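A short worksheet on the structure shown next.
The values are calculated or read from the model by the stated rules, or taken from the named source; none is laboratory data. Predicted, not measured: the structure shown is a model, and the values here were computed from it. Positions of Cβ are backbone-derived with ideal geometry, glycine not excepted, and every protein chain shown enters the neighbour counts.
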């Protein structure tokens, strides 16, 4: 893996977090693969691309804050797959109005979709217990 692969994948990772905080479904549409799957930090629920986009677009799922720690991230590239294992501190509001704050470890899996381009195909977070 080259240093530029690390920088590029961390840029995509930050773009994902920025789109969630901004509540920007158009940016998420660009970042997420058609078969994207999210496994939730709070409850392990599985959501596909359309569910996440709809929740963000409606404002039902909001992320007031996501703080990432890119210097700690482990980034690997295996062929046309990029994997980022990182850490976040986040606050979010669920569709039922409940709020949740957590530190998490996450794994994001990217697939190369064009020279230098990546799409997020899978995201899973695990809450870090205090």
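In segment 26-50, which residues are more than 17 Å from residue 125 (Cα to Cα) and either crowded, with 17+ Cβ neighbours inside 10 Å or free of Cβ contacts under 8 Å to residues at least 12 places away in the same chain (or both)? Walk me through how you get there before you give the answer.
Pass one, segment 26-50, residues more than 17 Å from residue 125 (Cα to Cα): 26-31, 33-35, 50.
Hits for segment 26-50 are 26, 28, 30, 31, 50.
Are there any pairs, at least 6 apart or on different chains, whose C-beta atoms fall under 9 Å, with the first in segment 12-23 and at positive phi and touching a residue at least 12 places away in the same chain (Cβ under 8 Å) and the second surrounded by fewer than 19 Cβ atoms within 10 Å (Cβ to Cβ) and assigned to a helix (DSSP H, G or I), and if so, which?
So the pair list comes out as 23/57.
So which strands (runs of 3 or more DSSP E) are wholly in segment 6-72 and hold at least 2 residues that are over 18 Å from residue 111 (Cβ atoms) and modelled with pLDDT under 95? It would help to see each step written out before you state the result.
Working: elements: 32-39, 46-48, 62-68.
Correct list: 62-68.
Looking at segment 63-78, I want the residues that are in contact (Cβ under 8 Å) with a residue 60 or more places away in the chain and have a partner that is surrounded by fewer than 17 Cβ atoms within 10 Å (Cβ to Cβ) and not in a strand (DSSP E or B) with Cβ atoms under 8 Å, at least 6 apart or on another chain. Which pairs are those?
70/14; 75/1; 75/5; 76/1; 77/1; 77/5
Here is a check on your reading of the model: is residue 77 crowded, with 16+ Cβ neighbours inside 10 Å, over 15 Å from the mean Cα position of the chain (by Cα) and not in a loop (DSSP other than H, G, I, E, B)? Please lay out each step first, then the result.
Details: crowded, with 16+ Cβ neighbours inside 10 Å: yes; over 15 Å from the mean Cα position of the chain (by Cα): yes; not in a loop (DSSP other than H, G, I, E, B): yes.
Yes, satisfied.
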